[in-house]
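Here's the structure, in structure tokens; my notes come after.
Only the coordinates and a few stated rules stand behind these numbers; no lab work does. As the structure is a prediction and not an experimental result, all values here were calculated from the model. Cβ placement follows ideal geometry from the backbone for every residue including glycine, while neighbour counts extend to all protein chains displayed.
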Amino acid sequence: MFVQIIINGLILASTYALVAVGLTLIFGVMRMVNFAEGQSVMIGAFVAATAAPYVGYIPAIGVAMMVNALLGVVLERTAFRPFRGMELNGLIASMGMSIILINLAELIWGTDPRPFDTALNNISVTFGTVGVSVQRLVVIGCSLGLLLALWWLVQRSSLGRQFRAVSEDAEVASTMGIDANRIARTSVVIGSSLAAAAGALSGPVNMLAPDMGQAEMLNAFAAIILGGFGNVNGTILGALVIGMVQSVSAVYISNAYSNSIAFGLLIVTLIFFPRGLVPERLDENV
Amino acid sequence: MSSAGLWTLRLVCLALMAALPFVIGPFWLQMMTQALIYSLVVFSINVLTGFCGLLSFGQAGFVGAGAYTFGVLSIAGAPIFLCVLAGLALPTLLGLLLGLPAARLKGHYLAIGTLGFGVLGAQMLNNMVDVTRGPMGLLGIHSVDLGQNGWYYVLLVISFGAMTGLNAMERHSFLGVMLKSVKYDEISAESCGVATFGVKLLAFCGSAFLAGLCGVLLAAYMRFLTPDLFVPTESFRYLMIAVVGGAGSATGGFIASLFLTAMPELLRSLGETNFRLLVYGIMVLFVLWFVPGGIGGLVERVIGHRAGTAPARPQTDNAAHIAAPGVSR
């Protein structure tokens with residue numbers, strides 16, 4: 001039971017973390033919220049499910065990430081770049097894109113929920129008395145790998161330094177010769193492919209439907225706010241807290257209220273820590 | 001345009017709207033009636049987001065609270081004025097309770113905090129089966145029988161009245177100036193003696209009241225409620241309508257809610273598939289690209305400049321960063 005709860009919590013947390021880290025990256029660079037991130041999860045899951053019979057499951061995740069990288073370029077061009085400095089319009093534009101993506105997916109893949117079966121779903125390993133399918137371990141392992149890769153990218157690489165420079169101060173960064181538009185585009189590409197990975201990884205554990213992804217996105221928002229906006233480490237911590245709380249409360253309190261409990265916790269946290277657990281540095285100019 | 005000219009224009013529009021039942025069929029009349037109801041929740045976003053600059057992702061929670069309070073009480077056999085009163089009081093109270101913590105939050109923290117309220121509200125409507133009947137839906141709500149035309153005219157008067165009232169409040173009252181001072185520069189407003197916390201709380205209560213009114217009217221008109229009508233996706237849709245209409249303009253909100261409610265049905269000629277919703281999404285993008293001020297901004301440009309009570313919009317610090325010289329569009 002205990003192992004089961006931990007594993008379930010980690011699966012939820014890793015999905016939320018992948019989505020949330022992408023959102024945080026985009027927010028950090030452009031100060032804009034990508035409302036189509038949930039639909040990127042959905043597109044990623046469907047692309048992976050379509051590609052898996054031909055290339056196998058693990059390469060299919062890569063295919064999904066590449067397709068979503070292209071989608072990221074389109075998203076940045078249509079929903080972000082035209083709305084610099086107009087946050088609210090950008091927000092609604094990404095909502096418009098999410099409507100377009102949902103209906104595009106329904107046109108391509110139909111409206112019926114479908115299972116996404118992989119061979120890994122049927123193999124299981126036992127920890128003491130509980131059997132856990134390899135698929136679930138793959139979800140956790142791959143997410144951890146991707147998050148570590150992102151951490152390396154942001155903290156150690158030259159591209160990461162440019163990311164941090166633009167999110168610190170876009171104006172000064174661009175006078176230093178950093179192409180802010182390229183960084184913005186890259187951030188959406190990375191965010192969108194991480195969402196694809198989240199969809200492709202969690203797809204086999206759940207069902208696929210064109211309206212999936214919304215719950216992941218809402219919970220990712222909660223994780224971001226809990227961790228403090230624009231902060232990758234805090235976001236991962238927030239995702240871990242939200243995932244674990246949902247997993248524990250689904251067993252001990254009520255499954256039907258598991259989202260409410262996570263968001264209730266969020267509201268209580270915001271009452272005492274109005275800027276999240278790891279506050280973002282924010283200067284207010286008069 | 002002069003004040004008299006403006007009033008003539010308004011009356012002509014009202015007369016045209018009033019003539020609508022004689023022109024369009026019952027299906028479209030029903031559509032327009034619903035659009036008029038939803039215009040009230042768009043006004044509630046105008047008050048909170050457009051005038052006061054507070055982003056809310058939880059409006060559907062207030063609408064749901066109003067609608068279900070009215071519905072549950074009327075099924076229990078309470079007199080109708082009591083149902084209406086309670087259906088307005090509960091959302092307003094919730095607005096106050098949410099506003100107390102939320103008015104201290106900034107930007108996206110506020111948005112997600114209100115989203116939390118929306119998620120909680122939707123899940124409670126779904127799970128409190130013994131009160132709300134949950135996913136089975138609330139059937140058999142008693143309300144006044146006005147007939148289709150009657151409802152249309154009542155709602156037209158309410159919605160048009162609310163729009164005119166909000167416009168007047170925004171442009172010609174001190175309250176409007178205070179609300180907008182909080183939006184444009186909170187610190188300067190505070191240093192000029194505006195009680196920003198109180199103003200925000202008032203905006204929350206007023207907004208929740210309007211959203212609750214929308215809920216009550218929705219329940220009384222439709223007489224059937226399901227929790228699906230009040231999920232966070234609906235909050236996002238309301239926000240979308242408000243922004244397409246121009247967040248700070250009640251007139252734009254009114255036009256946008258009529259337009260965007262009717263649009264998916266108008267596009268039915270394109271076929272029954274998802275293609276029409278695809279087109280709908282693309283149209284929203286087009287409005288945002290080419291008319292950044294929304295329909296309200298367009299209307300103002302056409303009929304000339306508004307009364308000069310609003311301060312010129314200063315750039316916020318974030319906007320200044322993003323609009324950096326090196327960052328081209």
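General remarks:
- Listed peptides B:286-296, A:175-185, B:62-72 by packing density, highest first (mean Cβ within 10 Å): B:62-72, B:286-296, A:175-185
- Three-way shape label, the protein assembly as shown, alpha-carbon gyration tensor, a/c 1.5: prolate
- Ordering B:His108, B:His172 by the number of other Cβ atoms within 10 Å of each residue's own Cβ, fewest first, gives B:His172, B:His108.
- MRE, 222 nm, helices only [DSSP H, n ≥ 4, -39500 (n - 2.57), over chain A, to nearest 500]: -24000 deg cm²/dmol
- Shielding of peptide A:219-228 by partners, expressed as the average count of other chain Cβ atoms within 10 Å per residue Cβ, is 3.
- Where only DSSP H runs of four or more residues are counted, chain B gives -24000 deg cm²/dmol as its mean residue ellipticity at 222 nm, each run worth -39500 (n - 2.57).
- Degrees between helix A:134-156 axis and first principal axis of chain A (Cα, 0 to 90, nearest 10): 20 degrees
- Kyte-Doolittle at least 1.0, axis length at least 27 Å by Cα - qualifying DSSP helices, chain B: B:3-23, B:26-45, B:80-102, B:196-222
- Sequence ranges B:92-102, A:268-278, A:116-126, ranked by mean other-Cβ count within 10 angstrom, highest first: B:92-102, A:268-278, A:116-126
- Counting Cβ atoms of other protein chains within 10 Å of each residue's Cβ and taking the mean over peptide B:115-122 gives 6.
- Under 5 Å from the amide H of A:Ser124 lie the amide H atoms of A:Val134, each residue being 5 or more positions distant or on a separate chain, with H modelled from the backbone and absent for Pro and chain starts.
- Helix A:57-75 vs. chain A, principal-axis angle (Cα, 0 to 90°, nearest 10): 30 degrees
- Neighbour-count order for B:Met178, A:Met207, A:Met32, fewest beta carbons within 10 angstrom listed first: A:Met207, B:Met178, A:Met32
- Per residue of peptide A:100-107, the mean number of Cβ atoms on other chains within 10 Å of the residue Cβ is 5.
- Nearest-ten-degree value, helix A:258-272 long axis tilted from longest Cα axis of chain A: 40 degrees
- Taking the average, over residues, of other Cβ atoms within 10 Å as the packing measure, peptides A:149-159, A:78-88, A:215-225, A:42-52 rank A:215-225, A:42-52, A:78-88, A:149-159 from highest down.
- Global geometry of the range B:134-279, whether rounded, prolate or oblate, following the gyration tensor of its Cα atoms and the 1.5 cut on a/c: prolate
- Taking only the C-alpha atoms of the range A:2-211, the Rg (one decimal) and the largest Cα-Cα distance, Dmax (whole number), read 17.9, 60 Å.
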